[in-house]
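The values are calculated or read from the model by the stated rules, or taken from the named source; none is laboratory data. These numbers were taken from a predicted model, which means no experiment stands behind them. Heads up, the Cβs are rebuilt from the backbone with ideal geometry, glycines too, and the neighbour counts pull from every protein chain shown. To get the accessible areas, we keep the full protein, side chains included, count just its heavy atoms, and leave off ligands, DNA and RNA. Shrake-Rupley method; radii C 1.70, N 1.55, O 1.52, S 1.80 Å.
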Amino acid sequence: MIEYALQFGFAAASLALLLNLWRLLRGPALMDRVLAVDTMVINIIALIVLAGIHERSTIFFEAALLFAMFGFISTVAYCRFILRGDVIE
Amino acid sequence: MTFVLELLVSLLIVGGGAFLLIGSIGMVKLPDLLTRLHAPTKATTLGVGGALVASMVFFAGLEGTLSIHEVLITAFLFMTAPISAHFIAKAHLHEHTELRDGLPPTGRPVGWSTFDAAPGAGEADEDDGRRGAHD
């Protein structure tokens, strides 16, 4: 039963990633693209966690945690750059 | 007992996947950025939370290896999603200054928050608001 649920989860997260990619390419505002990348990172974390359940391995969580941190930091750094023209003042 | 746990994990995965998909469909369908911000910050965060809780139940209940990583990732995501959404909205407002003209008057001696400094704010805060607005 978990296998079927996992297949649905993989399909949903992958389709969500494709929709985010469409928004990333389409824009139109600059911040739309930043938002699309931020959402893509969250979808990738969900994919990694589902892959961890699929492989029955806990080794994937470090990767998910790293993605979460880098996604957040890059979003904030980019917004900071747009707001102030500099990341670290 | 095993069946109940498997059912719970499956329901959480399906619910999480559905929320991920709804969040991304919302980001494609909604009309402009400030409405589009709602879909990923609420639905997608809930979706990834569902997947992480499913993973936690799966490893603790069925595999017998309790891991605390999922709680860490969930807490981190739930803390950072509002912050990044706030930053994106603020950067968008300062990038498109014509959005400021559509705002109604505040009815108070100070203007709207991110464009004007707060009343009685220190020099650092005032500097933050002014420079961001006019850059």
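Points to keep in mind about this one:
- The range A:29-85 and the range A:2-28 have Cα centres spaced 14 Å apart.
- 0 to 90° range, to nearest 10: angle between helix A:60-84 axis and chain A longest Cα axis: 20 degrees
- Relative to the longest principal axis of the Cα atoms of chain A, the long axis of helix A:30-55 makes an angle of roughly 20 degrees.
- Spin-label model distance (nm) - A:Phe70 vs A:Arg84, 7 Å beyond Cα toward Cβ: 2.4 nm
- Between chain B and chain A, the total buried accessible area stands at approximately 4500 Å², from heavy atoms with a 1.4 Å probe.
- Between B:Phe3 and B:Glu63, the distance separating the two model label sites (each 7 Å from Cα on the Cα→Cβ line) works out to 2.5 nm.
- A:Glu55/B:Ile83 FRET efficiency (R0 30 Å; Cβ-Cβ; nearest 0.05): 0.40
- A protection proxy built from the mean count of other Cβ atoms within 10 Å ranks the segments B:99-109, A:28-38, A:70-80, most packed first, as A:28-38, A:70-80, B:99-109.
- Diffusion constant of the protein assembly as shown at 20 °C, which comes from Stokes-Einstein with the Kirkwood Cα-pair radius and 1.002 mPa s, µm²/s: 114 µm²/s
- On a per residue basis, the range A:2-84 carries 47 Å² of accessible surface, using protein heavy atoms and a 1.4 Å probe.
- Counting only whole DSSP H helices of chain B, the ones at least 15 Å long by C-alpha along their axis and with mean Kyte-Doolittle hydropathy no lower than 0.0 are B:2-29, B:45-57, B:69-95.
- Shielding by other protein chains, B:28-36, mean Cβ within 10 Å: 3
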